[in-house]
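See structure below.
The values are calculated or read from the model by the stated rules, or taken from the named source; none is laboratory data. No experiment lies behind these values; they were computed from the predicted model shown. Virtual Cβ from ideal backbone geometry, glycine too; neighbours counted across all protein chains shown.
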Amino acid sequence: MSHIRPWQSGTALFAALTFLAGAATPLVVVLPAQAQTTFSDVSSDYWANRFIQELASRGVISGFPDGTFRPNDPVTRAQFAAMVRQAFRHSAIRDSVSFTDVSSDYWAAAAIREAYTTGFLTGYPDGDFRPDENIPRAQVLVSLSNGLGYGANGSVDEVLRSYSDANAIPDWARSSIAAATEAQIVVNYPNVQTLSPNRPATRAEVAAFIYQSLVSTGDATIVSSPYIVAQQAPAPQTTVQIPTGTTIPIRYDEAERIYVSLEEPEPVPVTLTINRDIISQSNRVLIPSDSQVVGELRVTDGGARFHAIEVVLPDGNRLPIQATSALVTTTEEVTRGANVFEILAGAVVGAGAAAGIAAVTGDRAIATEEVLGGTAAGTLAGVFLGRSTVTLVAIDPNTDLDLTLDAPLVIR
């Protein structure tokens, strides 16, 4: 049986009773026959509405005195223990222990003791239970899988391919989460293929997990939801194409301006950053924000245009891409005697632009870190020798270089 590992810190309210935030004692015992099943902040089309209603009608969960459920609040270890106690009536499989940070008069002491003796939860090597720490999603699923005695029947790695972020699942949790997946306990919103194992579980998510656990044991009827992993055959390897003509917003974190010469001898290498998530209509994140776009500025037709070569995702995967920016034709002239410091403040330059600026101004001390494409600026000085002016293409990368796909971008 896997052990529950250290959990995230924080506070939340989620129990079989109704509590005030931060309160240590229950206010109202909600009996199933009188349980509130609708909440002002859970609309009829909310993704977890049926899970919440069903558990509320059983008295497993409840809302707050103001009529809200607060579905996006996190859940603590103690609150989860209280939920487990209400949802499952299992016999003890091990003797109880005393946790150093759970006093006998702590509001959830009995629930914690029962969750431990029935195998749903465990403590830490130092003897603590840490009742007020928040539960990540992976640990909730491990707890339910272990408490119900589930084991993976198939290949763990094969089962976990259901998730696009399977590599984020901790090693100690992989087998139990595979078992939970096979038992159809896992519910992922908004993207059924994204597990987010290390994110703190919300009240709505815990309600969905526990309800699906009851379904798996035959103690609840099936709720139809596209977010139940085994109900929608997940296909992480399915190919999706972002169509030609799609605009991809970017930013450039290295400088406020880029200067290139109309006589750049080589393309100027530049790496841009995708500014926000690119998502499908079904809310699948196709390209995460902060992915890198590797490419180059090419001088053409009296201006410069960025040509993308590949996208580097945050997980290190690379996608070939055919995309270009609009042609930038804004120019600035640098004349003899100009102040190089003022020109280059907040800017980077191509090797040709660096050579032109140095030749015209006479200042050859341009820092190499300001030159894109290496240190070749000095070898190009002869191209501009004797000139009193040099014309540069002036690019504002945060407004001029948004990309348009020239061919479909294939996502697998």
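For the range 246-295, taking the residues that are out of contact with any strand residue (DSSP E or B) (no Cβ under 8 Å at 6 or more places or on another chain) and within 30 Å of residue 192 (Cα to Cα), the one that is surrounded by the fewest Cβ atoms within 10 Å (Cβ to Cβ) is identified as 281.
Conditions (1) surrounded by fewer than 18 Cβ atoms within 10 Å (Cβ to Cβ); (2) of a type in the set (Gly, Ala, Ser); (3) at pLDDT 95 or above; (4) assigned by TED's automatic domain parsing to the domain that holds residue 207, marked per residue:
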{"residue": "14", "(1), (2), (3), (4)": "no, no, no, no"}
{"residue": "21", "(1), (2), (3), (4)": "yes, yes, no, no"}
{"residue": "27", "(1), (2), (3), (4)": "yes, no, no, no"}
{"residue": "41", "(1), (2), (3), (4)": "yes, no, no, yes"}
{"residue": "45", "(1), (2), (3), (4)": "yes, no, no, yes"}
{"residue": "57", "(1), (2), (3), (4)": "yes, yes, no, yes"}
{"residue": "66", "(1), (2), (3), (4)": "yes, no, no, yes"}
{"residue": "111", "(1), (2), (3), (4)": "no, yes, no, yes"}
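Just one of (1) assigned to a helix (DSSP H, G or I); (2) out of contact with any strand residue (DSSP E or B) (no Cβ under 6 Å at 6 or more places or on another chain); (3) at pLDDT 70 or above fails for residue 398. It is (2).
Taking into account only those residues within the range 306-343 that are part of a strand (DSSP E or B) and crowded, with 20+ Cβ neighbours inside 10 Å, which is farthest from the chain's Cα centre (by Cα)? The qualifying residue farthest from the chain's Cα centre (by Cα) is 334. Only one of (1) surrounded by 14 or more Cβ atoms within 10 Å (Cβ to Cβ); (2) in contact (Cβ under 8 Å) with a residue 60 or more places away in the chain is not met by residue 72, so which one is it? Status for residue 72: all satisfied but (1). Within the range 144-162, if we keep just the residues that are among the polar types (S, T, N, Q) and part of a helix (DSSP H, G or I), the residue that is nearest to residue 196 (Cα to Cα) turns out to be 145. Being closer than 28 Å to residue 315 by Cα, buried (at least 22 other Cβ atoms within 10 Å of the Cβ) and either assigned by TED's automatic domain parsing to the domain that holds residue 103 or hydrophobic (A, V, I, L, M, F, W, C) (or both) is true of residue 134. Show the residue pairs meeting these rules: Cβ distance below 7 Å; 6+ apart or different chains; first residue within the range 321-342 and touching a residue at least 40 places away in the same chain (Cβ under 8 Å); second residue assigned to a loop (DSSP other than H, G, I, E, B) and aliphatic (A, V, I, L, M). Partner pairs satisfying both residue conditions: 322/407; 325/401.
Annotation for the range 87-104: at least one member residue is over 25 Å from residue 193 (Cβ atoms), out of contact with any Phe, Trp or Tyr (no Cβ under 6 Å at 6 or more places or on another chain) and surrounded by 20 or more Cβ atoms within 10 Å (Cβ to Cβ). Just so you know, in the range 166-187 the residues that are within 19 Å of the chain's Cα centre (by Cα) and farther than 20 Å from residue 212 by Cβ include one that is surrounded by the fewest Cβ atoms within 10 Å (Cβ to Cβ), and it is 167. Of the residues making up the range 288-303, those that are not hydroxyl-bearing (Ser, Thr, Tyr) and not in a strand (DSSP E or B) are 288, 290, 301, 302.
Of the residues examined, residue 54 is one that is in a helix (DSSP H, G or I) and in contact (Cβ under 8 Å) with a residue 60 or more places away in the chain.
Does residue 195 satisfy being among the aliphatic types (A, V, I, L, M) and under 30 Å from residue 44 (Cβ atoms)? Considered against the rule, which asks whether it is among the aliphatic types (A, V, I, L, M) and under 30 Å from residue 44 (Cβ atoms), residue 195 comes out as yes.
Within the range 63-79, being on the phi < 0 side of the Ramachandran plot and in a loop (DSSP other than H, G, I, E, B) holds for 63, 64, 65, 66, 68, 69, 71, 72, 73, 75. With respect to residue 97, is the statement that it is touching a residue at least 60 places away in the same chain (Cβ under 8 Å) and assigned by TED's automatic domain parsing to the domain that holds residue 126 true? Here the answer is no, as residue 97 does not meet what is asked. When the range 166-181 is filtered for residues that are touching a residue at least 60 places away in the same chain (Cβ under 8 Å) and not in a helix (DSSP H, G or I), only 170 remains.
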